[in-house]
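Everything on this sheet refers to the single structure shown next.
The values are calculated or read from the model by the stated rules, or taken from the named source; none is laboratory data. All figures in this text were calculated on a predicted structure; none of them were measured in a lab. A quick note on method: Cβ atoms are made from the backbone with ideal geometry, for glycine too, and the neighbour counts reach across all protein chains shown. Ligands, DNA and RNA are excluded from the accessible area calculation, which covers all protein heavy atoms including side chains. Shrake-Rupley method; radii C 1.70, N 1.55, O 1.52, S 1.80 Å.
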Amino acid sequence: MFDTIILLTGAVEQTALGSLLRAHNAQLTVRPAASANDLAALDAAILRRSRLVAFATPVIVPSDILRGLGYGAYNFHPGPPHYPGWAPAHFALYEQAGEFGATVHVMSARVDSGPIVEAALFPIPADINVLGLEGLAYAHLAQLFWRLSKTLATESGPLPEQTLQWGPKKNSRRAYQAICQIPLDITKEELDRRLRVFGGNHFGVAPTIHLHGVEFRAVV
């Protein structure tokens, strides 16, 4: 019987999101998790009566955990369907996209590939930076959680899925690192573009130039 939600998110979100879920279902047990180790500590009996809900987390849920869940797993992804994978806000700004958003999807063994439940899209404001765009996406993600929280907390069946498709290109940490490797013949326009988007030393990765065996890191 469905009676537990495993809430995989950060410490700040645990209190607010957990309280919202319990407000819809007083009998619901909300188990906090912040890491893959926390998930690995859950035994098979708990998984069988649980649904996993991940919110804005970088943790990749192991496939054996997904298989063991009795009531599915859903991820609240802070990016639109056409930007699956790593650092969606960075790549959207670098590619000068006109639209961004947030996505809720079924979790599967491959990251950001499961059926899409819902997406919220919005135009990217002119001159917004990465942190600003991530903030807007987070706000839309919170609204999606608010709208779906009652269904997640009270209904044991799967959430309805949409026909939306993921974009064909899934960005990765490796792709992020590659774009931060600055060639010596880069144009000023391209350098400015990369520094503007990737120059914040996010994830501990900054634009880097190698010259005569010396590494130069740019942080703006």
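Note down the net charge around LEU141, summing +1 for each Lys or Arg and -1 for each Asp or Glu among other residues with Cβ under 15 Å from its Cβ. Mind showing how you got there, number by number?
Details: positive: ARG147; negative: GLU13, ASP112, GLU118, GLU134.
Neighbour charge sum, excluding LEU141 itself: -3.
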Scan around TYR74 for amide H atoms under 5 Å from its own, H built in the peptide plane at 1.01 Å from N, and keep only partners 5 or more places away or cross-chain. LEU52, VAL53, ALA54, MET107
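List the chymotrypsin sites (Phe, Trp or Tyr not before Pro) within segment 3-97 that DSSP assigns to loop and that have no more than 12 neighbouring Cβ atoms inside 10 Å.
none
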Estimated [θ] at 222 nm from DSSP helical runs (n ≥ 4, -39500 (n - 2.57)) normalised by residues in the chain, nearest 500: -10500 deg cm²/dmol
Rounded accessible area per residue of the chain, 1.4 Å, Å²: 52 Å²
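Just in segment 110-167: which GluC sites (Glu not before Pro) are loop by DSSP and have at most 16 other Cβ atoms within 10 Å?
Listed in order of number, the matching sites are GLU155, GLU161.
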Tell me the trypsin sites (Lys or Arg not before Pro) within segment 83-167 that lie in a loop according to DSSP and have at most 14 other beta-carbon atoms within 10 Å. ARG110
Quick check for me: using +1 on Lys/Arg Cβ and -1 on Asp/Glu Cβ, what's the dipole size of the chain about its Cα centre, in debye to the nearest 20? 380 debye
Under 14 Å from the Cβ of ILE182, count the other residues' Cβ atoms, weight Lys and Arg +1, Asp and Glu -1, and hand me the total. 0
With Kirkwood radius over Cα pairs in Å defined as stated, name the option among [x] 17.2; [y] 17.9; [z] 18.7 computed from the structure displayed. [z]
Ignoring ligands, DNA and RNA, what percent of the accessible area of the chain is carbon or sulfur (1.4 Å)? 56 percent
Label point distance in nm, LYS150-GLU99, each placed 7 Å from Cα along Cα→Cβ: 2.8 nm
